[in-house]
Amino acid sequence: MCGIPLDMALAGRVAIVTGATRGIGRALALAFASEGADVVVTGKTTTPTPGLEGTITSVADEVEQLGVRALPCQLDVRNDAQILDVVDATARELGPPAILVNNASALWWKSIEQVFDNVVNWMASLCGCHSLTKWCVRRCVVWALRRVPRMRCRQTPMDRYGTLLCAITRH
């Protein structure tokens, strides 16, 4: 379809997976690693908790055992400062992110009387996903623009878009 062998499609790419300490997030982080992608393992759990298995470092260790690089980052997706720190650390340590999985969410362990607070937490998580996506895309665009050779000829806006798109997709 795209001319890239399926087993090599993720080799050398960088994936950020939010909520990667257990469940679907952990499974996705390990799946990306098994396909050759370096993985940023994010979550709120940094120390073992009774009854909850998995921390960002334990999952990062599992990722590294698959032969790729891992970067454990504590992240509450409701915190913009932490989001920026994760995106910057990713670009600095592993390279610009090519894949973002917004898996993290707020848990609803409260009674129905407290549902309003739960909705507010869920909305904050949703805003965090939007913010993380925005900063990852911004980082990729800046990185791609630096890779595009300076053109002396005049380019139309569509030509520049095509050049930028090519630089991003070939990253």
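The values are calculated or read from the model by the stated rules, or taken from the named source; none is laboratory data. Predicted model, so just to flag it, every value in this text is computed and none were measured. Positions of Cβ are backbone-derived with ideal geometry, glycine not excepted, and every protein chain shown enters the neighbour counts.
So the values come out like this:
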quantity	calculated
Subset of the stretch 27-49 (residues that are farther than 9 Å from V63 by Cα and hydroxyl-bearing (S, T, Y))	T42, T45, T46, T47, T49
Cross-chain or 6+ apart pairs with Cβ under 7 Å, the stretch 26-41 first and under 11 Å from R69 (Cβ atoms), then among the polar types (S, T, N, Q) and not in a strand (DSSP E or B)	V40/T90
Qualifying position, being of a type in the set (D, E, K, R), surrounded by 13 or more Cβ atoms within 10 Å (Cβ to Cβ) and under 13 Å from the mean Cα position of the chain (by Cα), among D80, D85	D85
Test result for V41, surrounded by fewer than 23 Cβ atoms within 10 Å (Cβ to Cβ) and in contact with a helix residue (DSSP H, G or I) (Cβ under 6 Å, 6 or more places away or on another chain)	no
Test: residue in the stretch 92-107 that is more than 17 Å from V17 (Cβ to Cβ), part of a helix (DSSP H, G or I) and at pLDDT 90 or above	yes
Residues satisfying the stated conditions in the stretch 42-76, i.e. touching a Lys or Arg at 6+ places or on another chain (Cβ under 9 Å) and among the aliphatic types (A, V, I, L, M)	L52, I56, V59, V63, L75
Inter-residue pairs, beta-carbon under 8 Å, first in contact (Cβ under 8 Å) with a residue 24 or more places away in the chain and in the stretch 46-69, second among the hydrophobic types (A, V, I, L, M, F, W, C) and part of a loop (DSSP other than H, G, I, E, B), 6+ apart	I56/A20; V59/A20; V68/A37; R69/L94
Test result for S58, of a type in the set (S, T, Y) and in a helix (DSSP H, G or I)	yes
Conditions (1) buried (at least 18 other Cβ atoms within 10 Å of the Cβ); (2) more than 17 Å from A11 (Cβ to Cβ); (3) modelled with pLDDT of 95 or more: number failed by A70	(2)
Verdict on V63 being at pLDDT 95 or above, over 20 Å from C136 (Cα atoms) and assigned to a loop (DSSP other than H, G, I, E, B)	no
